[in-house]
Structures are given as C-alpha cells and as structure tokens.
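See structure below.
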Amino acid sequence: MDNLLLILFLTAAASFFSTLILYLRSSSPSSSRSRRRSFTSQSHSHGLGQLPLGTLGWPIVGESLEFISCALTDRPESFMDKRRCMYGKVFKSHIFGTPTIVSTDAEVSKFVLQSDAKAFVPFYPKSLTELMGKSSILLINGGLQRRIHGLIGSFFKSADLKAQITRDMEKYIHKSMENWMQDQPIYIQDESKNIAFQVLVKALINLDPGEQMEILKKQFQEFISGLMSLPINIPGSQLYRSLQAKKKMARLIQEIIQSKRDGGMSNINVPKDVIDVLMMNNASDQPLTDDLIADNMIDMMIPGEDSVPVLMTLAVKYLSDYPAALQQLTDENIKLKELKAQLGEPLSWSDYLSLPFTQNVITETLRMGNIIIGVMRKAMRDIEIKGYLIPKGWCFFAYFRSVHLDESNYEWPYQFNPWRWQDNKDISNSSFTPFGGGQRLCPGLDLARLEASIFLHHLVTQFR
C-alpha cells in the first residue's frame, strides 16, 4: 500500500465517479441547482462558535475530484495550501463523501487526536471498514482499544523484541544483498518490502520464511487490493475477493493460535510475538476472541507492506539527492562498524539507535516524506476548538503534510536538511506528528526507526 490515505483517496474517487454518473442521470438541471443551493447554505447556530470558512463544492462530489487530482501530483498539499490562503488554517470542505473540517493547524489537530471516543471516533470509507471488520484496532474505541493498544505498544518497546527484530533484519538484509548483482538495477522499495514484511510477520505471529509465509504473502496481496476497491461485495468483485483472502489468512492465524494453546501457554514466560502477548493477557472478564486476534494481526501487517518500506526508500532517495548528508551518514556508520569490529562485538539494537546523524536523517525523512499524511475522525457531538465549530456527524481531517511543510514551522521546508534536528531539537511537539498522536499513536514507531537504521547501516557500509 503506497499510503493508507492515498488508497482512501482513490477509493473515494471511484465511489464518487460512479455516484456522480448515477446522480447526473437522475437529476434535472433545475433540481441540481436547488440541491446545490441547499447543500452550500447549511448553517449551524448552536452557540458554540462558527463553522470555519470554506466551501462544500458541488452536490454529492463536493470538492473530492480536485482533492484527488492534487493528491496524485508531486505537490498533494496544493489543495490544502490554496484553501489555507483563502480561508485560514482550518476550513470546511466536502471530501470522502461527507462534509469535512480540514485542519492544517497543529494545535487544533493535537486537541482532536487527544480526544476520547465521546468526542471523536475513527472515520474511514465504507469499503475499508467492511474489509477491516468491526473488531479492527483501527475502528474499535474505549477500553478495548486502549487495552489492545497498550499491550501491543508495551511489547513493541521491549528490549527482547528489539533484539529479535535486529537479528531478523540483519539476517534478511544479508540474504537479500547477497543477490544484488553488479550492474543490475536494484529496486529498493521492492527489496525493503520483502524484508520488512517478513520481519513484521515474525513479530506478530512468529512465522518464519517458508511455504506458509509464501501463502500468507499471496493472500495478503489480494487482501490489500481491496483497500482501493468500490464498496461492492458480490462474487467476482475485488472487495469480495479481498474478503475471501482475509478469511484464508485468518484461518492460518487461528491455526497458529490453537497450536500455541495446545502447547500450553502456561509454559511461556517471555512472549515471542504479539499473539503470545494477547493470549497471555486475555482477561476472563473481557476475553479477546480468536477472531479478534486474527483480524488484528492481519490489519497490523499493513505497515510491513507500506509505511516502513516507504520510509527506507525515501531515505535512500533523499540521501542520493544530498551528497553531504550521505557522506556524513556513511562516515558515522563506518566508524561504528569499525569500533564494534575492534571490540569483537556484534551490533545491538541500541548501537543502531545511538547514531545521532542517522536518526536526524530518519526524522527529516519522516517530515518531508509524510508516510502518514493525515488522519480522519468523526465528531460524535458538536465541538468547539479555538472558536471553530465542528458539527456532530462531520468528518475531521488532520492534515499533517501541510504542517510539516509549513515555513512558519520549518525554515526552507522543502529542503532536505537533517542538520535542522541537531542540538536535540524537540521532535515531540505538535508540529511534528509523523506517526499520528494521542491515544492512537502508532505503537510501532520505535520499531520503524530501528528497521530503517539497520537497513541504512548495511546499505551504506557495503555499497556505494
């Protein structure tokens, strides 16, 4: 998946185009004009504040077509920047098939992301929600979401898992690089996808490369193809095929769960994978079903196909464009490699994360690359933030990309400059949110940094 939200854009585009055709065929010019008047003149007088400035665009499609056409260019933020100049950092629009409040204001977005389910809940297009399922960690709310997110987040931060990830990354990287032939093009994103997917699947369900892994990969590719499909679930449709693929993956994972259960969970002191974590902490008052565990393992495989490989690929691209940054990163990594060789010690996960300039390169790649360009929420009640009204039922779109490329937050924002992060510049402020924020902050953010650090180390110390 090139980017979760880009997939959503394409999903929305397909839905809107098909809906638009039906709408035009069933509407007269006069009824179209009257609908557009009523559509753009809605007002909300709740005493809470005023709707942000903006326009809801055309009937049904709103501004979605222009939004998607901009999203497919090398400056996808141009849609937002144009409206930000006209209406301010927070404005109203109509995209994703619903009235939407768009925020390019870091403080407003932070408030929404930190809100609980009484105020905002996740929002996704219909095809995605049907494919993920009601029990997906992307969709559930309240205590269950906090419980699963907390368990997985703690495991992902553990030293034992980081050590396992390091061993697996080194093994798969060496195996991959052994096949890199001189004078042959190497497609970094394809290579990094293969590596990252195997590493993540091992961490999730403790599955090693082999026949089962190949079956899982094949079904997973069919599954993610449905993320950009029309919400039509009939035999032969892409959504139907994707749901069938998910069922096959779920059965494989449920067999792994049953195998663990038959082997005796009481004998496991240290969890080896996320399934172990969830099964070991399966309270009787709120049990996690095998279906719920299997579905969430599948959903969590998406970063191995998308986020981490894109981060690695963009880092290589930016370093290729900026020789000074590449030279400093190479020198730093070669120095570490030579030091560990003199000591006769292998590199540990903490060694990879200890290199300051390498971490600055990854941070700057996250800022410029915007692996996650934004998140969407649905307002559960009327909310006022900084004088702006977000009406109940409306979508809220926190658009990170515009914040990360705002010259008021970063000097020369379109220039790759890892040195801007030196001197321990704060990367936890509201103007830097590459992994989202609040209660749904990506639990794998530390692992993404670790995997990218290991990949870059072996790339620059073994190849020009």
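The values are calculated or read from the model by the stated rules, or taken from the named source; none is laboratory data. This structure is a prediction, so every number in the text was calculated from the model and none was measured. Cβ atoms come from the backbone with ideal geometry, glycine included; neighbour counts cover every protein chain shown. Calculation scope for accessible area: heavy atoms of the full protein, side chains included, ligands and nucleic acids excluded. Shrake-Rupley method; radii C 1.70, N 1.55, O 1.52, S 1.80 Å.
Distance in nm between label sites at TYR414 and ALA324, each 7 Å beyond Cα in the beta-carbon direction?
2.0 nm
Restricting things to Cα coordinates, could you compute the convex hull volume per residue of the chain in Å³? Write down the numbers at each step before the final one.
Values: hull volume 78.8 nm³, N = 464.
Residue-normalised Cα hull volume stands at 170 Å³.
Want the number for GLN182 to ASN141: 0.36 nm per residue separation, take away the alpha-carbon distance, what's left? Could the numbers behind the result be given before it?
Numbers: separation 41, 0.36 × 41 = 14.76 nm, distance 5.10 nm.
Fully extending the segment from GLN182 to ASN141 adds 9.7 nm.
When only alpha-carbon atoms count, how far does the range 61-167 stretch along each of its three principal axes, as whole angstroms with the largest first?
On the principal axes, the range 61-167 reaches 50, 32, 29 Å in Cα extent.
Can you tell me the accessible area per residue over the chain, all protein chains present, probe 1.4 angstrom, in square angstrom?
Working: 21380 Å² over 464 residues.
Per-residue value: 46 Å².
If you average over every viewing direction, what projected area does the convex hull of the Cα atoms of the range 394-464 give, in nm²?
Values: hull surface 28.1 nm².
With every direction weighted equally, the projected area is 7.0 nm².
Apply the Debye scattering formula to the range 324-464, with a single equal point scatterer on each alpha-carbon and no solvent, then give log10 I(q)/I(0) at q = 0.11, 0.12, 0.15, 0.18 Å⁻¹.
Here the Debye-derived log intensity ratios amount to -0.52, -0.60, -0.84, -1.08.
How far is helix 211-225 tilted, in degrees, relative to the longest principal axis of the Cα atoms in the chain, given as a value from 0 to 90 rounded to the nearest 10?
So the helix axis and the longest Cα principal axis differ by about 20 degrees.
Hey, any idea what Rg/Rh is for the range 196-268, computing Rh the Kirkwood way over Cα pairs? Spell out each step's value before the answer.
Working: Rg = 14.6 Å, Rh = 13.6 Å.
A ratio of 1.07.
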